[in-house]
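Participant: I have a structure I would like to understand better, so I am pasting it below and will then ask my questions one at a time.
FYI, it's all coordinate maths here, none of it is from the lab. Please read these numbers as outputs of a predicted model, since none were measured by experiment. Ideal geometry is used to build each Cβ from the backbone, glycine not excepted, and the neighbour counts take in all protein chains shown.
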Amino acid sequence: MNIQAIAKRTGVPAATLRKWEQRYGVLAPERTEGSHRRYSEADVLRVEWLKARLAEGYRIGEAARLLGAGDDEAPAAAPEELARELVDATAASDPARAERLVEQALTLFPPERALDEVVAPALFEIGEAWARGDIGVGQEHATSEVVRARLRALLDSRATGAGARAVLCCVAGERHEIGLLGLGVLLQGAGWGVVYLGADTPVPEAVAIAVARSASLLCVSASEPALAAAAEPDLDEISTENGFRVLRGGAAFGGEPASAVVRSLPPVAAA
Ligand code: B12
């Protein structure tokens, strides 16, 4: 689209868009042969994101820095580019940059896309690089912790949803909780009240909380096959009389993406 079209879509005047591009480097539209600017949908998202920051009281220079448009850092827009940069930031031991990239992904894209197209592929690649010995466990921890903290901050335990509640936990011994946190964010976005118990939770403890909170859903995550197998007897024992459904997920339970599972759930009012 041309500059008039993006100005109309976003409500930001054309002159301001040119200034943001020239002074702050937050937009990099392609040029036609006649040198006219051509903007993409990703540019629209960036402009809307910047507008939202200005409405919160940020100055444009500060917002541009948050977006990663520093002196030597061209702004990244496509999810696969952000994923690649997150792997690079990990290999370069730069958690501040990793944090900016995760923030960028979660603000520029809806949570499903940020999780499926940035966070999950980047962490997968980081795990592969760790297994090959190309990156150290400290570098992996630094980025995982940035992601974990950011997703945890998005979960609001006061948001009780439309009445339907989901209790989320990892099985006993299981410390891989990022997938479960992503699931929590998506469930919350779909209107569920999320009770997040996190890593390493014995199944009977989670069941007791699900009963006490009258939950409709108990979501259990496992990445390590041995830990999933150890939890199976307790999971099999859960009575349907408790009134909640049990969802198993994570690599050791088939690894279906949380986004697909959340999409397949009935609307929350009916749950
Ligand atoms: C980050 C990470 C860690 C962190 C976790 C930090 C945290 N707070 O979560 C720490 C450092 C703790 C860790 C520890 C270990 N890790 Co680790 N880790 C990873 C890594 C790099 C990323 C995992 C991740 O977060 N992925 C992103 C999320 C989004 O994906 P996901 O978990 O699969 O979740 C998706 C779906 O499965 C689904 N989902 C998940 N849960 C649920 C639940 C429900 C109900 C539903 C519906 C869906 C769902 O939704 C998500 C996507 O939408 C992977 C690399 C890889 N290739 O996976 C290795 C990896 C999983 N780890 C591995 C290993 C070996 C370990 C350790 C044994 C290392 C060690 N020697 O100590 C320990 C085990 C710790 C334990 N007891 O759990 C291996 C596992 C090999 C195996 N057994 O198959 C991997 C594959 C690395 C590798 N390439 O070898 N790890």
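Participant: Taking a ≥ b ≥ c as the square roots of the Cα gyration tensor eigenvalues, with a/c under 1.5 meaning rounded and otherwise prolate when a/b beats b/c, else oblate, which class fits the stretch 101-249?
Facilitator: It is oblate, given that a/c is not under 1.5 and a/b is not larger than b/c.
Participant: For the chain, find the longest principal axis of its Cα atoms and tell me its angle to the long axis of helix 203-212, 0 to 90°, nearest 10.
Facilitator: Once rounded, the angle reads 80 degrees.
Participant: How far, in degrees from 0 to 90, does helix 178-189 lean away from the longest principal axis of the Cα atoms of the chain, to the nearest 10?
Facilitator: Helix 178-189 sits roughly 80 degrees off the main axis of the chain.
Participant: Angle between the Cα long axis of helix 225-237 and the longest principal axis of the chain, 0 to 90 degrees, nearest 10?
Facilitator: Orientation of helix 225-237: about 60 degrees from the principal axis.
Participant: Now for a separate question. Just need the relative contact order of the stretch 165-270 here, percent rounded to a whole number, with Cα pairs under 8 Å and 6+ apart.
Facilitator: Computed value for the stretch 165-270: 33 percent relative contact order.
Participant: Springs between alpha-carbon pairs under 10 angstrom, Gaussian network model over the chain: which of 199, 83, 28 fluctuates most?
Facilitator: Largest GNM mean-square fluctuation: 28.
Participant: Using the Cα atoms of the chain, I'd like the radius of gyration and the largest Cα-Cα distance, Dmax, both in angstrom.
Facilitator: Radius of gyration, then largest Cα-Cα span, for the chain: 21.2, 70 Å.
Participant: A further question follows. Could you work out [θ]222 nm for the chain from helices alone, using -39500 (n - 2.57) per DSSP H run of at least four and dividing by all its residues? Round to the nearest 500 deg cm²/dmol.
Facilitator: -16000 deg cm²/dmol
Participant: Let me ask you something else. To the nearest 0.05, what FRET efficiency results for residue 155 and residue 31 with a Förster distance of 41 Å applied to their C-beta separation?
Facilitator: It comes to 0.45.
Participant: I've got another one for you. Please figure out what share of the DSSP beta bridges in the chain is antiparallel and state it in percent, rounded to the nearest 5.
Facilitator: In the chain, approximately 15 percent of DSSP beta bridges are antiparallel ones.
Participant: When the chain is modelled as a GNM with alpha-carbon springs shorter than 10 Å, which of 197, 155, 106 fluctuates the most?
Facilitator: 197
Participant: Which shape class, rounded, prolate or oblate, goes with the stretch 165-270 when its Cα gyration tensor gives a ≥ b ≥ c as root eigenvalues, a/c under 1.5 marks rounded, and past that a/b bigger than b/c marks prolate?
Facilitator: Because a/c hits 1.5 or more and a/b fails to exceed b/c, the stretch 165-270 counts as oblate.
Participant: Apply the Kirkwood formula to the stretch 3-66: the hydrodynamic radius equals the inverse of the mean of 1/r over all pairs of different alpha-carbon atoms; give it in Å with one decimal.
Facilitator: Taking every pair of different Cα atoms in the stretch 3-66, averaging 1/r and inverting gives 11.9 Å.
Participant: When only Cα pairs under 8 Å and 6 or more residues apart are kept, what is the percent relative contact order across the chain?
Facilitator: After rounding, I find 13 percent.
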